[in-house]
Amino acid sequence: KQQVAAEAAQKAAIDGLASMLLEPATLWQRAVHLVQMYTSAAGVYVANIVDEQQQPAQDGSATEETPADAVNEDEQELDQGVGADAAAAAAVAADEQAADEENTAEDADHPAGEGEDGSAAAANGDQPTSQPPPDYSSKVLQYVAASSGHEFMTKLELKRPKAADEDAGDAKQQAEEVPITFKILDEHMPLLEVPNVTSEPRVKFLRGFPRIGAYCAAAVPAGLAGPAGGAYHAIIAADTLLPSGHGQPFKEQEVAVVWDIAQVSKAVHAVG
């Protein structure tokens, strides 16, 4: 009975996160607290998935973004050409309108979706099409909440490595160096578990030196499609790294807790 009561209390606490009307930062911190309460994690942290801030060029060269004045110059050139081509464009438009009027009678005899004999055409277009998953290639992870002892992370961002040379060797090395957490975004896999971080070269140690332990991370879904839709707006992660942690893999039920809290935390996006 005690175990059943404990499980019920745990579920109520996690589900209650969705109904809390608090500031996003407070809600994220509450999510961190719940992961610590119901798992053996030593470190817990939340990162928002955001666009990388474009830094102004120090040498006077343009950034990767198209400058606003360049767009305006293009529009000005187009405006100058409109007067010269106006007559020709009007003539073409008149011809197209006449052709459309001739086709109207034929369209009335053969409504859309029917063949020449009036039979129904294939209704492939009637089936709902799923949206492609978002492209996260320009996103970074901006940490916004962390457990005690990991507050330094809220001042950090996790980014992809700088672009390497285009030869095959460098390209392979570039792929290997992308931090493991980006696998959630690049492969649209909402749950990531690394039982032993020393066996995964893509694990990024933000303090600069490797440690022993486990790591898991779950994506917080955005929108009504849920995690299967591939749209995420944050990631909740936890570790058992030594010396503050026990250095062992998470238990299955502990990974499930991180997952459950991430799914409930989609409510944070609605108020954020």
Need one value: the accessible area of LYS204 in square angstrom, 1.4 angstrom probe, rounded to the nearest 10. 120 Å²
For region 5-22, in residue order, the Karplus 3J(HN,Hα) values (coefficients 6.51, -1.76, 1.60; θ = phi - 60°; whole Hz; Gly and Pro = x) are 5, 5, 5, 5, 5, 5, 5, 5, 5, 5, 5, x, 4, 5, 9, 7, 9, 10
How do the peptides 34-45, 248-259, 189-200 rank, highest first, by the average count of neighbouring beta carbon atoms within 10 Å per residue? 34-45, 248-259, 189-200
Leaving ligands, DNA and RNA out of it, work out the accessible area of THR154 with a 1.4 Å probe and give it in Å² to the nearest 10. 60 Å²
Compare LEU185, LEU242 by solvent-accessible area with a 1.4 Å probe and give them largest first, with all protein chains kept in place. LEU242, LEU185
With 27 Å as the limit, write out which pairs from LYS155/LYS266; LYS11/LYS139; LYS11/LYS183; LYS159/LYS266; LYS11/LYS204; LYS183/LYS266 have Cα-Cα distances beyond it, or answer none. LYS11/LYS139; LYS11/LYS183; LYS11/LYS204
Estimated vicinal HN-Hα couplings, Hz - region 34-46 in sequence order (Karplus 6.51, -1.76, 1.60; Gly, Pro = x): 5, 4, 5, 5, 10, 9, 9, 4, 8, x, 9, 7, 10
Amide H of VAL144 versus every other amide H placed in the peptide plane: which residues, excluding those fewer than 5 positions away on the same chain, fall under 5 Å? VAL46, ALA47, ASN48
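The values are calculated or read from the model by the stated rules, or taken from the named source; none is laboratory data. Nothing here was measured: the structure is a model prediction, and the numbers come from that model. All Cβ positions, glycine included, derive from the backbone under ideal geometry; neighbour counts span all protein chains shown. Each accessible area value is taken on the protein alone, full model and side chains, heavy atoms only, with ligands, DNA and RNA left out. Shrake-Rupley method; radii C 1.70, N 1.55, O 1.52, S 1.80 Å.
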